[in-house]
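All remarks here apply to the structure that follows.
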Amino acid sequence: MALELAGDVRIETCGSGHDALEVALSFRPDLILLDAMMPDLDGAATLNALRQEPSLGTIPVVFLTAKSSHAEIESLRRLGAADVIVKPFDPLTLGARVKEIWTRSHPF
């Protein structure tokens with residue numbers, strides 16, 4: 001809801017990593033927000049599967065996680081995350097943060 005209120009975006013919500021992979025193929029997102037901890041396929045495994053799919057491999061992925069140690073955040077970045085947003089986050093600033101990450105990921 002916080003992202004929808006932030007502006008001109010269309011959101012698709014998924015309940016698991018497997019769902020995200022299936023939906024991403026048809027939805028064709030410009031940016032993906034992944035929770036690091038998800039049922040059946042965690043965020044890291046989901047990102048790896050996304051990177052294996054040619055049509056999804058270059059989509060920027062942002063992780064949402066409650067794990068806030070520097071080592072854990074850097075580990076997610078090394079996996080290929082465009083950025084990491086630590087929970088709890090301020091829903092009032094989430095839209096601006098995602099937009100900033102989007103802009104950084106698409107410099108043209």
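Amide H contacts of Asp35: Leu64, each under 5 Å away and 5 or more positions distant or on a separate chain (H built 1.01 Å from N in the peptide plane; Pro and chain starts excluded).
Just to verify a number: FRET efficiency for Ala45 and Asp8, C-beta to C-beta distance, R0 = 22 Å, to 0.05?
Result of the calculation: an efficiency of 0.10.
In plain terms, the chain from Lys99 to Asp30 could stretch by 23.7 nm, reckoned as 0.36 nm per residue minus the Cα-Cα distance. Temperature 20 °C, viscosity 1.002 mPa s: under these conditions the Stokes-Einstein estimate for the range 48-107, based on its Kirkwood radius over C-alpha pairs, is 172 µm² per second.
Below 8 Å, C-alpha to C-alpha, sequence gap of six or more: please give me the relative contact order for the chain in percent.
Computed over the chain, the figure is 25 percent.
Label zone (Ser55, point 7 Å along Cα-to-C-beta; backbone nitrogen cut-off 12 Å) within the range 9-26: 22-26.
First compute the accessible area of the chain with a 1.4 Å probe, then give the percent of it belonging to carbon and sulfur atoms. List each step's numbers first, then the result.
Numbers: 3820 of 6770 Å².
Of the solvent-accessible surface of the chain, carbon and sulfur hold 56 percent.
Each of Val9, Asn48, Ser75 was placed along the dipole of the chain (beta-carbon charges, centred on the mean Cα), and the one lying farthest toward the positive end is Ser75. Neighbours of Met38 by Cβ distance under 14 Å: Lys/Arg scored +1, Asp/Glu scored -1, total -3. Spacing of the modelled spin labels on His18 and Arg78, each 7 Å from Cα toward Cβ, amounts to 3.0 nm.
Phi angles across the range 43-55 convert, under the Karplus curve 6.51 cos²θ - 1.76 cosθ + 1.60 with θ = phi - 60°, into 3J(HN,Hα) values of x, 5, 5, 5, 4, 4, 5, 4, 5, 7, 8, x, 6 Hz, Gly and Pro given as x.
The values are calculated or read from the model by the stated rules, or taken from the named source; none is laboratory data. The shown structure was predicted, so the numbers you read here are calculated from the model rather than taken from an experiment. With ideal geometry, Cβ positions are generated from the backbone for all residues, glycine too; neighbour counts draw on all protein chains shown. The area values use the complete protein model at the heavy-atom level, side chains included, leaving out ligands, DNA and RNA. Shrake-Rupley method; radii C 1.70, N 1.55, O 1.52, S 1.80 Å.
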